[in-house]
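Everything below concerns the one structure shown next.
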Amino acid sequence: MSLNIDSFLSQYRKLPDFIDNNYLEADSERYLKSYDPGLGAEIAEVPISSSKNVDEALSAASEAFKKWSSRPILERLQYLVRLKILVQEKMDELAYALSMNVGKTLREGRGEVMRTLEALDSALGVPHLFMNVRKLMNIGGGDPEIDMEMVREPLGVFAIISPFNFPIMIPMWFIPMAVTLGNTIVVKPSELDPVPITYFMSLFREAGYPNGVVNLVNGDSSTSQHLIKHKDVAGVVFVGSSPVAEKIYSTACASGKRALCQAGAKNPVILMPDAVPEPSIENIVAGFFDMAGQRCLAPGLLITVGEAYNRFIEMLVNRVKKIKIGYQLLEDTDTGPLASLKGKQKVIEMIEKAVGQGAKTLVDGRNYKVEEKYSKGFYLGPTILDDVSPDMEIAREEIFGPVMPIVRASSFDEALEIANRGEYGNTGTIYTSSGKYAREFARKMNAGNIAVNMAVAQPNQYFPFPGRKRSFYGVLHGQIDALDFFTDRKVIMQRWW
Ligand code: NAD
């Protein structure tokens, strides 16, 4: 039976886990609150699932792996086809769930579902990858002859630990490939806004996936720690902040598990004096302020070069003042609230520290007023900070909020040096009309994703999502390297008398 999100929430105000295709109450002594951040109203309680719940999910996934891994890949693919149709049918419902619980606008919610469909599409081609078997016949020249071949096998249970900002898309970057290649999954979503992905689990059941192939446990860091340390977990995928990525990567690798961790960011944008004015400013503003700046690919620092400051600053400020902050479910809202009160407070503290260190507010979003009925929401207006020096925390650390710190550089070389100075390497962007500078930037910017005249450099699912420095831990990527990450090689030698 097809569930809709409202009946789901009225049935499961205390969010369940999803184990063996069943929604089960978690064995939790403590519940956290999950909100509609635009209303500041609690919509669900999130259990801290116990070790026992994690063990049950892993035991379901391990048991399911025995049969699932030996089903023909073309059969496994059929579930994916059905899942894709369900996601398409449920587009509005899923966008609504994302918007309500994360605070993104409906347009941004639909965007996340579109990206989820892209991940499903890319996994539909996986049998072609899987056919990549290497075989050498008669390798030794003896009699009888020996043949040697390399095949790939799924590994077992993968744990996926995901962040709050894309609660459906991020687990779905990995699940379609992982399960179609024959593995099984336990997801531990962010405790802030797990409603959309907990609801999404019902679609796996509806698509007909056998019991135990995809499971979910709600909880916090204690739940994920128990999960990643468990002997029955073969591999770990983590997406979230860098300090947590560092811990998870070392814990997973120390116990012989394969791991990939996509982590935090501080994405610099260089604005050259020769940038094409209107589309560049429009695009930069959307990059910094859409989703209230809570994207790992959101620009984090604007570096103006020479005359660019005088040429663009007024236009930039005027455009930012027009952004309509409001309740995320209203169609005319440009940007919704932050996902949590804690996140909002952290951003305000960073702004205050920067102001204390001499930064000047050209636009100050700290006291942004929304309509009275939304006044309990976690809103923050857009802020532009001028006179920022590259050494200030606001110029170096991820803000994850609607803030644009501006650093002025006198030349392209100086701007590039500032852009490369940081500890992160997720993306780097340049706005220019010059092919020469664009090319030099692409060559010398030390980041995984480079954009020219585009603020948000999100590679689509057919490319890897690389990151450098503290933005990525691991070797293989979950997208283009999915075959290598989610399968293991085996060499089989045969001689027949
Ligand atoms: P977070 O690191 O606080 O939490 C991510 C997940 O890790 C959550 O499920 C959380 O419960 C769990 N967790 C937290 N502490 C843990 C611990 N000590 N041990 C085990 N698990 C733990 O991140 P967040 O605030 O949810 O998300 C925002 C961060 O994610 C930002 O830094 C952003 O840049 C990053 N992010 C990166 C990408 C990327 O692809 N590089 C994509 C999205 C978000």
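The numbers here are math on the coordinates, done by the rules we state, and not lab data. Remember, predicted model here, so these are calculated numbers, not experimental data. Using ideal geometry, Cβ is built from the backbone for each residue, glycine included, and neighbour counts are taken over all protein chains shown.
Here is how the numbers come out for the structure above:
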quantity	calculated
Over the range 221-365, volume per residue of the alpha carbon convex hull, in Å³	170
Ellipsoid equivalent to the range 141-191 - semi-axes via the Cα gyration tensor, in Å	39, 9, 7
Label point distance in nm, residue 361-residue 389, each placed 7 Å from Cα along Cα→Cβ	2.2
Segment residue 423-residue 315, length gained on full extension (0.36 nm per residue, minus Cα span)	35.8 nm
Beta bridges by DSSP in the chain, antiparallel share as percent, to the nearest 5	45
Sequence-distant residues sharing a close amide H with residue 267 (under 5 Å, placed H)	300, 301
Label-point separation, residue 352 to residue 460 (7 Å along Cα→Cβ), nm	4.5
Amide hydrogen neighbours beyond the local backbone of residue 220, cut-off 5 Å, H modeled	49
For the range 65-73, 3J(HN,Hα) per residue [Karplus equation, 6.51 cos²θ - 1.76 cosθ + 1.60, θ = phi - 60°, Hz, x = Gly/Pro]	4, 4, 8, 4, 5, 9, 6, x, 4
Convex hull volume of the range 435-497 per residue (C-alpha atoms, cubic angstrom)	149
Cα-Cα separations in the chain greater than 31 Å, expressed as whole percent	46
Cα-based helix-to-principal-axis angle, 106-123 vs the chain, degrees rounded to 10	30
Translational diffusion coefficient (Stokes-Einstein; Kirkwood radius from C-alpha pairs) of the range 37-88 at 25 °C, 0.890 mPa s, in µm²/s	167
Mean projected area (nm²) of the alpha-carbon convex hull when the range 259-328 is viewed from all directions	6.1
Extension reserve of the residue 121-residue 27 stretch, reckoned as 0.36 nm per residue once the Cα distance is removed	30.2 nm
Gain upon complete extension [residue 492, residue 372; 0.36 nm per residue less C-alpha separation]	36.3 nm
Proximal charge balance of residue 25 [Cβ under 15 Å; K/R count +1, D/E count -1]	-2
Inverse of mean 1/r across different Cα pairs in the range 210-289, Kirkwood, Å	15.9
Cα extents of the range 267-452 along the three principal axes, largest first (Å)	52, 31, 30
